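Here's the structure, in structure tokens; my notes come after.
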Amino acid sequence: MLVFFPRTLYLTIRHPQRMMDYADTELGDVQSGQYSDTLSPPLFLMMCLGLSHLIELALPVSDLGKLPGFLQDTQNLLLFRVFMFSLLPLVLSLRLLNKLGIALDRETLRPIFYSQCFITAPITLVVGTVGVLWQIGNATAAQTALIILAGGSLWYLWQEMLWFRAKLGIGYVAAAANAVGATLAAIILIIVTLLLIGFALAKENQT
């Protein structure tokens, strides 16, 4: 992990499109030979989430007491974040399959989902960093958080636009519309999930 996690992170940030294509080709190898020089994409995504989680817990500004009761347990919180951030690669993958007219099954979804895990993983670090800076509570930290969030979001959307353009053979405008639309759909799904959980917890507390 000490060797291949930073290597995978560097390659993903330095060559994101190449790594997304790499996810497709590696699944064609025998299982023992897959991702021999990097982490597998789902593991890489979970490692980034875990690192972000540990950094947040280690800092004095962290305050889990403001979270709902079941999320104040660190293990539950990490698992919840894994679920939330998995919705991004899942929704983007389903969007591409739909646009390509490919039937959905495990074999068609897996390579696309793996590609998306590579590109989503660094964003979890961005969101985690932004969250920590926001909790500090001063103007400089808040401004830095907004700059990091804007930069990370632009990088992510740009890579998704290039990915849709390459996979669908369409122009920049159509590719950007697919990237932004699918990302917004994933974010809305995450927000709806959070609201439903909050509503369920509030109703439980009333009873």
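Tell me, what is the FRET efficiency for Ile136 and Leu51 to the nearest 0.05, using R0 = 25 angstrom and their Cβ-Cβ distance as r? All intermediate terms of the calculation are to be shown ahead of the outcome.
Details: r = 19 Å, r/R0 = 0.76.
It comes to 0.85.
Assign one of three labels to region 146-189, namely rounded, prolate or oblate, based on the Cα gyration tensor with a ≥ b ≥ c the square roots of its eigenvalues; rounded applies when a/c is under 1.5, prolate when it is not and a/b is larger than b/c, and oblate otherwise. Numbers along the way, then the final one.
Working: a/c = 2.81, a/b = 1.51, b/c = 1.86.
Taking the square roots of the gyration eigenvalues as a ≥ b ≥ c, region 146-189 is oblate.
GNM on the chain, alpha-carbon springs under 10 angstrom: the most fluctuating residue among Ala182, Ala150, Ala58 is Ala58.
Mind running the shape call on the chain? Use the C-alpha gyration tensor, a ≥ b ≥ c as the square roots of the eigenvalues: rounded below 1.5 for a/c, prolate if a/b tops b/c, oblate otherwise. Don't skip to the end; give the middle numbers.
Numbers: a/c = 1.58, a/b = 1.45, b/c = 1.10.
Prolate, since a/c reaches 1.5 and a/b exceeds b/c.
Subtracting the Cα-Cα distance of Leu109 and Val192 from 0.36 nm times their residue separation leaves 27.5 nm of extension gain. Kindly provide the helix-only [θ] at 222 nm of the chain, computed as the sum of -39,500 (n - 2.57) over DSSP H runs of four or more divided by all residues, to the nearest 500 deg cm²/dmol? Roughly -27500 deg cm²/dmol at 222 nm, from the helical runs in the chain.
Membrane-span-like helices in the chain, defined here as complete DSSP H runs extending at least 30 Å along the helix axis by their C-alpha atoms with mean Kyte-Doolittle hydropathy no lower than -0.5, are 74-100, 106-136, 139-168, 172-206; this is a sequence and geometry rule, not a statement about a membrane.
Backbone amide hydrogens, once placed in the peptide plane, bring Leu39 within less than 5 Å of Thr8, excluding anything fewer than 5 places away on its chain. One decimal place: the segment Asn76-Met1 gains 24.7 nm when fully extended, by the rule 0.36 nm per residue minus the C-alpha distance. Taking 7 Å steps out from each Cα toward its Cβ at Ile147 and Ala200 produces label points 4.0 nm apart. Report the residue, chosen from Asn178, Asn138, Asn98, that carries the largest GNM mean-square fluctuation when the chain is represented by alpha-carbon nodes joined by springs under 10 Å. Between Asn178, Asn138, Asn98, it is Asn138 that shows the largest mean-square fluctuation.
Values quoted throughout were computed directly from the atomic coordinates according to the rules given, and no laboratory measurement underlies them. Note that the structure is a prediction, hence the values are computed from the model and not measured. In this analysis, Cβ positions are derived from the backbone assuming ideal geometry, glycine residues included, and neighbour counts consider all displayed protein chains.
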